[in-house]
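The values are calculated or read from the model by the stated rules, or taken from the named source; none is laboratory data. Remember, it's a predicted structure, so these values are computed and weren't measured experimentally. Here Cβ is always computed from backbone atoms with ideal geometry, including for glycine, and neighbour counts include all displayed protein chains.
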Amino acid sequence: MKLKLLAIIGLTIIASISFASELTVKSGSSIQAVINQAKDGDTILVEPGYYHESIYVDKQNITLKGLKKDGKYAHLDGQSKLNDGIIASGHGIIIDGFKVTGYKGNAIMTQGANNFKISNNLIHAAFYGIFPQFGKNGLVEGNTISGADDAAIYVGMCDHINVIGNTTFENVMGLEFENTRHSLMADNLVYNNSTGIMLSLIPGLPVKDANNLVIRNNVIRDNNLANFAPASSIAASVPPGVGLIIEAADDVVVKDNTFEGNKTVAVFVTDMYSFGLGGDSKVEPYSDNIKIRENTWINNGNEPFGSLGDLVAMTGQSGLELLTTGKERTSCFSEQEDFSQMGAKKWSICGDKVTHPDYKTAMLDKPIKSVKYTAEQKGRLTYLAVCTGCHTYNTVLHGPSMQAIKAMYTDNLAGLKDYIEKPIRKRQDFTEMPPQAYLGKETIHAIANYVLNDLKK
């Protein structure tokens, strides 16, 4: 009797365990359909072929793996019609091995996802190539990205992120940390962009600082492409010909990089006001404690151009490695022969000791504990990921303002849900909205409810 009881208990325990599965998407099938069937922890293998769809992943610990055979990729192609390639809000997501082209918004975006890995993807033609936002403990590694109207890799409001071993070219910006902390860029090849790398602190965002950043062992060369960002975007103000811009970020180590052939200046350190950004009473606007150490400088600043180039030309100084504007404090650079600077007279010579971590990795030793999002959180995060690319709160972008939408659908939650899922063009003066059915009814409900009941300026 005792043995029988133990056997029953054992079978009950085994039956309660959920085992991860490996699912395969055949060429010509829908990746989203398989994701919808998947359970937390599953691996989804996508065979080579073309997939014309937007993908949304809100499940936990999903591995999304593109297979490559005979030089052919699992190829996500937005055909210049769809906004986003892959958007993921599930923690522990792995996105690996895809070719992603022809999306108007984000090629790959994680929104609020922790413990993520985005690796070995080939991306061309999007507004943002890879865009993690509101995430912690993530890795962006081994990707090749070109043709981004803003940044090839754009890390926004994140903590403990490694950006390692990527290649970015022919973008407005090669790499960017925006309002991001405790993060590392290392071993990247950044060339033929308008600006190579940008570390920025933007006012008016929920995260109010950008600090403890390490830029190490990158090749940053020939970033002289004319800025082709849309005139309405902040990226349009990024000066061409610059290897690295540090705008209001603090506690930055720039070490062991090669700066070569950046025609305006190798490194530009500035503040919010000098960069033309408005103030924020909760934000300290200056770049402090910058350490520029043991870098290699080759033929920078010899043909300055653009508005920043005009400023440099007025000084009559050429061949600049370092240009500073604003009121940065407690910064230093290495004493090197033939190092040319302007505006850094108050900077000291760096000693051997670095006063904050020169990260070997910025990631945490263990995955952070992450809980599933509430419906309100899911609505907010997906709104930020999907909707804000075309809609602002109170002004017209590509579509009407959210204030106008709230007024139109005040007491009609069902109507807004239907429109998000299957939009019908109502006005010729706005861009036609792509269908968002791929998000699923639960997420669309969360977005609509957030817009009508919780969204504030």
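Some points to look at:
- Taken over segment 182-212, the residue count meeting the criterion of being of a type outside the set (F, W, Y), assigned to a strand (DSSP E or B) and closer than 18 Å to F259 by Cα is 10.
- Selected residue (only one of G309, G326 is within 28 Å of the chain's Cα centre (by Cα) and outside any loop (DSSP other than H, G, I, E, B)): G309
- Residue count for segment 355-397 under the criterion of being in contact (Cβ under 8 Å) with a residue 40 or more places away in the chain and among the basic types (K, R): the result is 3.
- Subset of segment 195-246 [crowded, with 21+ Cβ neighbours inside 10 Å, under 17 Å from the mean Cα position of the chain (by Cα) and either of a type in the set (D, E, K, R) or within 13 Å of G306 (Cβ to Cβ) (or both)]: T195, V238, I245
- On inspection, Y154 fails the criterion of being modelled with pLDDT of 95 or more, closer than 23 Å to A235 by Cα, in a loop (DSSP other than H, G, I, E, B) and not charged (D, E, K, R).
- From the list V46, V34, V57, the one residue that fits, being buried (at least 17 other Cβ atoms within 10 Å of the Cβ) and without any contact (Cβ under 8 Å) to a residue 12 or more places away in the chain, is V34.
- Test: residue in segment 280-298 that is farther than 19 Å from C350 by Cβ and outside any loop (DSSP other than H, G, I, E, B): yes
- Some residue of segment 283-291 being touching a Ser or Thr at 6+ places or on another chain (Cβ under 9 Å) and among the acidic types (D, E): yes
- Test for P400: is it surrounded by 13 or more Cβ atoms within 10 Å (Cβ to Cβ) and without any contact (Cβ under 8 Å) to a residue 24 or more places away in the chain: no
- Selection of segment 403-434 for residues being part of a loop (DSSP other than H, G, I, E, B), surrounded by 13 or more Cβ atoms within 10 Å (Cβ to Cβ) and in contact with a helix residue (DSSP H, G or I) (Cβ under 7 Å, 6 or more places away or on another chain) yields only Y409.
- Residue that is small (G, A, S) and closer than 30 Å to N212 by Cα, where the choices are S370, S401: S370
- Residue satisfying condition, being touching a residue at least 60 places away in the same chain (Cβ under 8 Å), crowded, with 24+ Cβ neighbours inside 10 Å and in the same structural domain as P285 (by TED's automatic domain parsing), within set M173, M185: M173
- Enumeration of residues in segment 117-136 that are buried (at least 24 other Cβ atoms within 10 Å of the Cβ), among the hydrophobic types (A, V, I, L, M, F, W, C) and over 11 Å from G147 (Cβ atoms): I118, I130, F131
For (1) within 28 Å of S29 (Cβ to Cβ); (2) part of a strand (DSSP E or B), each residue gets a yes or a no:
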position: G92; (1), (2): yes, no
position: K104; (1), (2): yes, no
position: T110; (1), (2): yes, yes
position: N114; (1), (2): no, no
position: I123; (1), (2): yes, yes
position: F131; (1), (2): yes, yes
position: G138; (1), (2): no, yes
position: E176; (1), (2): no, yes
